[in-house]
Structure formats: C-alpha cells, structure tokens
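Taking it in order: structure first as structure tokens, then the write-up.
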Amino acid sequence: MKIFGWMADHSGCGWYRIMLPLGNLRERGHETRWGFRMEQEDLETADVIVGQRTFMPAPTLRWQELAAKKGRRYKLVYEVDDDLWSVDSRNAAGQVFSQPIARQHLIRNLQVADLVTVSTEPLAQVVRRWHNEVVVLPNSIPSDMLSWRTGRHEDRFTV
C-alpha cells in the first residue's frame with residue numbers, strides 16, 4: 001500500500017501522528033511518504049492520503065478538489081488529534097481555531113474524508129457530529145524512548 005501523509009507541522013503532532021506511524025508502516029513493507037506539500041507523483045500513486053488538521057484556505061481548496069475528483073484511486077483520511085472546536089480563545093491557537101472560517105474548513109474537510117482518525121474517544125465523540133466513520137488511534141511513542149535519560153535529572157523521565 002502507498003500512503004502519503006500531508007503534514008500540518010513538524011512539531012510533536014507531525015512527528016507522532018504522521019511521521020512515526022507512517023515510518024512504522026514503512027518498516028512493515030508499505031510505501032510511505034510525508035511532507036508539507038503533495039507532489040503530483042503522490043496524487044498519481046497514493047492509495048491513501050492522510051491530511052493532518054487541514055483547515056487553511058489553500059490546503060482546504062486542495063483537499064476539497066481531491067475529494068471531488070471523479071474516479072479517484074485513493075482514499076482520504078482526515079487526521080485530527082485535538083478538540084480544535086474547544087481551544088480557549090485566550091490561547092494563540094484558540095484565536096486561530098475560533099475563527100468561523102477555520103471552523104467551517106475543519107468541518108467541511110473532515111466531512112468529505114473517507115475516514116477520520118482522532119487521538120481519544122472523547123475527541124471521537126466530538127467529531128462524530130460531522131462524520132460517522134471515526135477511528136481512535138491513540139498517541140504513542142516507541143517504547144525504547146522510555147529508557148532515555150537526558151539533562152540534569154537522571155532520576156526522572158520527562159516527555
């Protein structure tokens with residue numbers, strides 16, 4: 001299977017929601033790629049396109065075009081790992097996601113997906129208002145990371 005992960009960021013979410021799972025699938029024989037941009041090759045060869053938290057205007061337009069494409073060969077998976085409809089507006093992210101157009105794009109984009117993945121069951125309950133095919137994929141890290149010791153506090157482990 002060929003899977004492309006369209007990342008929203010390279011921070012924690014991008015790493016443990018896109019890079020880590022797709023890297024793991026690659027180790028199991030699947031062809032996976034990820035990045036901030038989809039190349040024509042990705043569209044022509046992907047069996048699955050995972051869109052992480054797609055909501056900005058240009059990516060939304062692209063996502064909607066992908067969903068509307070007649071005879072498309074790929075499945076669209078919308079990935080969201082936070083309740084973006086409940087972020088406190090005093091938070092910088094909350095100021096972005098509380099905008100009506102951002103909320104509209106989030107909802108429209110997950111509605112046209114073939115499947116939606118979320119990080120927790122409470123988030124799945126929120127998202128099921130707009131899509132009935134929601135799967136919980138809990139956040140996880142490689143178990144060997146639990147043995148890492150860094151910094152001045154060798155007796156503590158911090159994630």
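The values are calculated or read from the model by the stated rules, or taken from the named source; none is laboratory data. Keep in mind it's a predicted model, so treat the numbers as computed, not measured. Counting neighbours? That spans all protein chains shown, and the Cβs are built from the backbone with ideal geometry, glycine included. Accessible surface areas use protein heavy atoms only, side chains included; no ligands, DNA or RNA. Shrake-Rupley method; radii C 1.70, N 1.55, O 1.52, S 1.80 Å.
Right, L43: touching a His at 6+ places or on another chain (Cβ under 9 Å) and either crowded, with 16+ Cβ neighbours inside 10 Å or of a type in the set (G, A, S) (or both) or not?
Spelling it out, it is not the case that L43 is touching a His at 6+ places or on another chain (Cβ under 9 Å) and either crowded, with 16+ Cβ neighbours inside 10 Å or of a type in the set (G, A, S) (or both).
Do we have any residue at all in the stretch 98-106 that's modelled with pLDDT under 90 and either surrounded by 13 or more Cβ atoms within 10 Å (Cβ to Cβ) or not in a strand (DSSP E or B) (or both)?
yes
Anything in the stretch 16-41 that is in a loop (DSSP other than H, G, I, E, B) and of a type outside the set (G, A, S)? List them, or say none. Step through it out loud before you land on a result.
At the first step, the residues of the stretch 16-41 found to be in a loop (DSSP other than H, G, I, E, B) are 28-30, 36-39.
Matches in the stretch 16-41: R28, H30, F36, R37, M38, E39.
Only residues in the stretch 97-109 that are without any contact (Cβ under 8 Å) to a residue 60 or more places away in the chain and over 14 Å from Q64 (Cβ atoms) count as the first member; pair them with residues that are open to solvent by 20 Å² or more (accessible area, probe 1.4 Å) and not β-branched (V, I, T), Cβ under 6 angstrom, at least 6 apart or cross-chain, and list the lot.
Pairs that qualify, where the first residue is without any contact (Cβ under 8 Å) to a residue 60 or more places away in the chain and over 14 Å from Q64 (Cβ atoms) and the partner is open to solvent by 20 Å² or more (accessible area, probe 1.4 Å) and not β-branched (V, I, T), are S98/S89; A102/F55.
Residue pairs, Cβ under 6 Å, 6 or more apart or interchain, first in the stretch 6-33 and more than 16 Å from N139 (Cβ to Cβ), second in a helix (DSSP H, G or I). List them.
Once the first residue is more than 16 Å from N139 (Cβ to Cβ) and sits in the stretch 6-33, its partners that are in a helix (DSSP H, G or I) give T32/L22; T32/L25; T32/R26.
Could you grab me the full set of residues in the stretch 29-56 that are out of contact with any strand residue (DSSP E or B) (no Cβ under 7 Å at 6 or more places or on another chain) and more than 17 Å from E79 (Cα to Cα)?
G29, E39, Q40, E41, L43, E44
Only one residue in R156, R152, R73 is at pLDDT below 95, closer than 25 Å to E31 by Cβ, part of a loop (DSSP other than H, G, I, E, B) and open to solvent by 90 Å² or more (accessible area, probe 1.4 Å). Which one?
Selected residue: R73, the only one of R156, R152, R73 that is at pLDDT below 95, closer than 25 Å to E31 by Cβ, part of a loop (DSSP other than H, G, I, E, B) and open to solvent by 90 Å² or more (accessible area, probe 1.4 Å).
Across the stretch 121-149, which residue is surrounded by the fewest Cβ atoms within 10 Å (Cβ to Cβ) among those that are touching an Asp or Glu at 6+ places or on another chain (Cβ under 9 Å) and at pLDDT 95 or above?
It comes out as P122.
State yes or no: is W63 under 19 Å from D114 (Cβ atoms) and either in contact with a Ser or Thr (Cβ under 7 Å, 6 or more places away or on another chain) or open to solvent by 50 Å² or more (accessible area, probe 1.4 Å) (or both)?
yes
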